[in-house]
1. Can you name every one of the strands (runs of 3 or more DSSP E) wholly within the chain that holds 3 or more residues which are β-branched (Val, Ile, Thr)?
2. Pull out all pairs, ordered by first then second residue, where Cβ-Cβ is under 6 Å, the residues are six or more apart or on different chains, the first lies in segment 3-20 and is closer than 14 Å to residue 32 by Cα, and the second is surrounded by 11 or more Cβ atoms within 10 Å (Cβ to Cβ) and β-branched (Val, Ile, Thr).
3. Out of all the residues in segment 6-22, is one or more surrounded by 15 or more Cβ atoms within 10 Å (Cβ to Cβ) and in contact with an Asp or Glu (Cβ under 8 Å, 6 or more places away or on another chain)?
Amino acid sequence: MNKTEIQIVQKYLRDTLGNQKITLDSKTATKDSVEVFLGGEFIAVVSRDQEDGDLCYNFHMAILEEDLPDEDDL
């Protein structure tokens with residue numbers, strides 16, 4: 001992903017999710033993806049997908065069981 005795409009997607013995620021601490025790290029950018037951080041912690045990957053002339057960005061976030069709260073904490 002290029003610098004402009006990264007900035008546009010970062011602004012979209014910040015505005016949509018209401019959190020200005022979301023950053024897309026241009027140092028981790030490849031041709032078709034970039035890592036997403038929240039307050040310095042890696043949380044997801046955004047991938048660029050262009051097929052049949054349509055362009056979209058896929059946000060993929062894995063949630064590890066060990067990161068989930070215990071039932072008692074709900």
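What follows draws every value from the coordinates through simple rules; no lab data is involved. Being a predicted model, the structure only gives us computed values, none of them experimental. Here the Cβ positions follow ideal geometry from the backbone for every residue, glycine too, while neighbour counts run over all protein chains shown.
1. By residue number, 41-51.
2. Correct list of pairs: 6/34; 9/46.
3. no
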